[in-house]
Amino acid sequence: MTAPYRAVVRGCGSYLPARVLTNAELARKVDTSDAWIVERTGIRRRHVAAEGEFTSHLALEAAKRALAAAGLAADKVDLIVLATTTPDSTFPATATRVQAALGIGHGAAFDIQAVCSGFVYALGVADNFLKLGQHETALVIGAETFTRILDWTDRGTCVLFGDGAGALVLTREKADGSATQRGVLSTHIHSDGRLYDLLYVDGGPSSTMTTGHVRMHGPEVYKHAVTKLAETVREALAANNLTAADVDWFVPHQANKRIIDSTAKKLGLEPGKIILTIEEHANTSAASIPLAIDAGVKDGRIKQGDLVVLEAMGGGLSWGSAVVRW
Ligand code: ACO
């Protein structure tokens, strides 16, 4: 069944905190080295939010930039879906903080929790509201202050993450059902809760009444990533009768360069078609895809009409993909 509308991307924006933490600086605090981090992950540096700088502040800046790029006033937005694992507070949703700061008092604003897959989930949720006609203009945001939930004595996790935010503005347009029409062609989300213990936070409001710290069985997560990410990109292309040859830009979640490279190789995607930001941003969880999109749009690689494929995997385990005609 063809949905009545298509959700078309009108603009994007991103924001990174000013403070940059290099691998060399980290190696002075934990037992690691620049060489190990670069070789195993591709990460060279990450941004870290300042004291008093919250996820909502990062999200707001990215949202304002996306609205400016779209040429739309904030009051046009009637849906804000914000993906984050590091909300300002347990409740209410960080999205409502952003909504208030943009001066919006109508529509709906809520958060999505799917860890590193959060942006693909958020895009899927917003796409469904727009394409069925329930909302008109959506802000889809991925924003994290992930460094706040790191155990800085655990070298297996603390070297991997950074802070940042990215946002897309989407509006609906009558759908013609073709793969050439601009907009979100499809989204695909999955989870397998039996794999919960591979990547989690050892705290929470209901269990420990604390925030907890990230815990990860890295090699296990790695194995699932390389198979599940290739699978979900294949399903996304097949759902639109497309092949890897049709892809202009592959924008993966930036968790590990080795995962990205091996996924692209499995799919037969040329290295020159991958948007990579991991070196500069590290893993910013739900923010990594919109940050990478914004980098690709700003430097002129992603252009109107291009076929863009997104994918991510994170805690849950959760994973997913999306195909967007830019
Ligand atoms: N510096 C130096 N040595 C280290 C470090 C470090 N920072 N971290 C681990 N090591 C050591 C280990 O202790 C181990 O030493 P040993 O052999 O003496 O025991 C050795 O390096 C190898 O450790 P592994 O964990 O097997 O290293 P691996 O090559 O698997 O790389 C990594 C670890 C980078 C975490 C990788 O497993 C990975 O990227 N996993 C997937 C991460 C991911 O995709 N997460 C999903 C998204 S995150 C989210 O949703 C929140």
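The values are calculated or read from the model by the stated rules, or taken from the named source; none is laboratory data. Just so it is clear, the structure is predicted and the values come from calculations on it, not from any experiment. When we count neighbours, we look across all protein chains shown, and the Cβ atoms used for this are built from the backbone with ideal geometry, even at glycine. Note: areas computed on protein heavy atoms with side chains; ligands, DNA, RNA excluded. Shrake-Rupley method; radii C 1.70, N 1.55, O 1.52, S 1.80 Å.
Cut-off under 29 Å on the C-alpha distance; same-chain residues fewer than 8 positions from Lys298 excluded. Which lysines are left, in chain and number order?
Reachable lysines: Lys64, Lys76, Lys131, Lys174, Lys257, Lys265, Lys266, Lys273.
What's the carbon and sulfur percent of the chain's accessible surface, probe 1.4 angstrom, rounded to a whole number?
C and S atoms contribute 52 percent here.
Can you tell me what share of the DSSP beta bridges in the chain is antiparallel? A percent to the nearest 5 is fine.
70 percent
Given a 1.4 angstrom probe, what's the average accessible area per residue across region 5-174, in square angstrom? Walk me through the intermediate numbers first.
Values: 6650 Å² over 170 residues.
That works out to 39 Å² for each residue.
Based on the Cβ-Cβ distance of Arg148 and Ser33, what FRET efficiency does E = 1/(1 + (r/R0)^6) give at R0 = 25 Å, to the nearest 0.05? Each step should come with its number before you reach the end.
Numbers: r = 25 Å, r/R0 = 0.98.
Calculated transfer efficiency: 0.55.
What is the Cα coordinate range of region 183-325 on the first, second and third principal axes, sorted by size from largest, in whole angstrom?
Cα extents, longest axis first: 49, 29, 27 Å.
Send over a whole-number figure in Å² for the accessible area per residue of region 189-249, probe 1.4 Å. Mind dumping the intermediate values first?
On the way: 3600 Å² over 61 residues.
Per residue, region 189-249 has an accessible area of 59 Å².
Tell me, what is a quarter of the convex hull surface for the C-alpha atoms of region 1-140, in nm² with one decimal? Mind dumping the intermediate values first?
Numbers: hull surface 42.7 nm².
About 10.7 nm², averaged over all directions.
Sort out for me the Cα centre separation of region 193-210 from region 242-269, rounded to whole Å.
Value for the Cα centre distance between the two parts: 30 Å.
At 0.36 nm per residue, minus the direct Cα-Cα distance, what do Asn240 and Val20 gain on full extension? Give it in nm, one decimal, please. Intermediate results must be reported in sequence, preceding the final value.
Details: separation 220, 0.36 × 220 = 79.20 nm, distance 4.01 nm.
Full extension from Asn240 to Val20 adds 75.2 nm.
Quick check: convex hull of the Cα atoms in region 112-227, volume per residue, rounded to a whole Å³?
Working: hull volume 17.4 nm³, N = 116.
Taking the convex hull of the Cα positions in region 112-227, it is 150 Å³ per residue.
Sorted by accessible area with a 1.4 angstrom probe, largest first, how do Arg258, Arg194, Arg45 fall?
Working: Arg258 100, Arg194 205, Arg45 75 Å².
I get Arg194, Arg258, Arg45, largest accessible area first.
Relative contact order of region 5-174, please, whole-number percent, based on alpha carbon pairs below 8 angstrom and at least 6 residues apart. Can you show the working numbers first?
Working: 379 pairs, mean separation 60.7, N = 170.
The value is 36 percent.
Go ahead and estimate [θ] at 222 nm for the chain from helices alone: -39,500 (n - 2.57) per DSSP H run with n ≥ 4, summed, over the residue count, rounded to 500. Write out the running numbers ahead of the final one.
Details: 10 runs with 103 residues, N = 326.
Value at 222 nm, helices only: -9500 deg cm²/dmol.
For the chain, max minus min Cα coordinate along each principal axis, in Å, sorted largest first?
Sorted from largest, the Cα extents of the chain read 56, 45, 39 Å.
On a 1.4 Å probe surface of the protein chains, which of Trp319, Trp36, Trp152 comes out largest in accessible area, and what is the full order? Write down the numbers at each step before the final one.
Working: Trp319 25, Trp36 110, Trp152 85 Å².
The residues order as Trp36, Trp152, Trp319, largest area first.
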